[in-house]
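One structure below.
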Amino acid sequence: MNLLSIDTIAFTFLGYPMSYIELVGTVLYLWSVWLIARRNILTWPVGIVSVVLYMILFYQIQLYSDVIEQVYYLGASAYGWWFWRRSPREEGKVAGVAFSPRRTLLLTAGLTLALALLTGWLMADIHNLLPRLFPAPASFPYLDALTTVMSFIAMWLMARKRTESWYYWIVVNVIAIGLYYAKDVKFIALLYVILLVLAFRGLIGWRRAQAAALPAAPAAQAG
């Protein structure tokens, strides 16, 4: 039995055949998100295994752009693992999570918007530019481009321990829920509902870690 084949089915749920590779990849992916919300460095090796499984899965179903996307995630995860290993620990958790400086926040937001508009413009006309590869017009090209660009940037910010990454993931998950529901892939839409909950938990956890790391205010001197 080839457990890496999409034709090797673990079970069928509501008519949907769940392969072992999709099942294990999804479970590991959710686990990695849960771990990163807790600032646990194990998020990176767990995430790397998930990325490799998804890469094999997408290759088998000819979603080559998604394969390339996983290559990026693989590199970002390897970098995150290396960067977090060099970071100090607090009770076994990685310390030093913080927001980027305001200027960096504005520059990152501007870059995100510019790349999303450029990618959306390209995807909106991709069926005319490359008709053999993309015979039909793209669905929701600008929203789809926005989630892709935001996911890339959020992954980098997370590797750098930047708290604003969670705001990026929250927006990505909200848009993805609507997109996948509209495209009638409700199983994936449900997955993003779970990811949205985990993103809120991650944001709250990282904000609390930031607040706890702030130096205590000096006691007021007696008059």
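The values are calculated or read from the model by the stated rules, or taken from the named source; none is laboratory data. Computed from a predicted model, the values in this text were never measured in an experiment. Ideal geometry is used to build each Cβ from the backbone, glycine not excepted, and the neighbour counts take in all protein chains shown. Side chains are part of the model used for accessible areas, which takes the heavy atoms of the whole protein and leaves out ligands, DNA and RNA. Shrake-Rupley method; radii C 1.70, N 1.55, O 1.52, S 1.80 Å.
How big is the Rg/Rh ratio for the stretch 25-141, C-alpha atoms only, Rh by Kirkwood, two decimals?
Ratio of gyration radius to Kirkwood radius: 1.07.
Could you give the C-alpha radius of gyration of the stretch 91-223 expressed as a fraction of 2.2 N^0.38 Å, taking N as the number of residues it contains?
Ratio of Cα Rg to 2.2 N^0.38 Å: 1.38.
In nm², what is the average projected area of the convex hull enclosing the Cα atoms of the stretch 1-78?
Computed as one quarter of the Cα hull surface, the answer is 5.7 nm².
Jot down the per residue volume, in cubic angstrom and as a whole number, of the convex hull over the alpha-carbon atoms of the chain.
Looking at the chain, the number lands at 158 Å³ per residue.
Of the peptides 206-213, 143-150, how do they stack up when ordered by the mean number of other Cβ atoms within 10 Å, highest first?
Ranked by mean Cβ neighbours within 10 Å, highest first: 143-150, 206-213.
Counting only protein heavy atoms and using a 1.4 Å probe, what share of the accessible area of the stretch 67-223 belongs to carbon plus sulfur, as a whole percent?
Of the solvent-accessible surface of the stretch 67-223, carbon and sulfur hold 67 percent.
Can you return the lysines within cross-link range of LYS161? Criterion is Cα-Cα under 25 Å, with same-chain partners fewer than 8 residues away left out.
Here the lysines satisfying the reach criterion relative to LYS161 are LYS93.
Beta carbons within 10 angstrom, averaged per residue: use that to sort the peptides 72-80, 12-20, highest first.
Order by mean packing, descending: 72-80, 12-20.
What is the angle, in °, between the Cα long axis of helix 186-213 and the longest principal axis of the Cα atoms in the chain? Nearest 10 is fine, range 0 to 90.
10 degrees
Using only the alpha-carbon atoms, how far is helix 43-60 inclined from the longest principal axis of the chain? Give it as 0 to 90 degrees, nearest 10.
Helix 43-60 sits at roughly 10 degrees to that axis.
How long is the gain from VAL27 to TYR79 if the chain were fully straight, where each residue apart is worth 0.36 nm and the alpha carbon distance is subtracted?
Length difference between fully extended and current span is 16.5 nm.
Do the sum for the chain: with -39,500 (n - 2.57) for every DSSP H run of n ≥ 4, divided by all residues, what is the mean residue ellipticity at 222 nm, to the nearest 500 deg cm²/dmol?
One gets -23000 deg cm²/dmol as the mean residue ellipticity at 222 nm.
Kindly express, to the nearest 10 degrees and within the range 0 to 90, the angle between helix 20-37's C-alpha long axis and the longest C-alpha principal axis of the chain.
Approximately 20 degrees, to the nearest ten.
In whole Å, what is the distance between the alpha-carbon centres of the stretch 9-26 and the stretch 141-198?
Centre-to-centre (Cα) distance: 22 Å.
Report the FRET efficiency, 1/(1 + (r/R0)^6), for TYR142 and THR104, where r is their Cβ-Cβ distance and R0 is 35 Å, rounded to 0.05.
0.90
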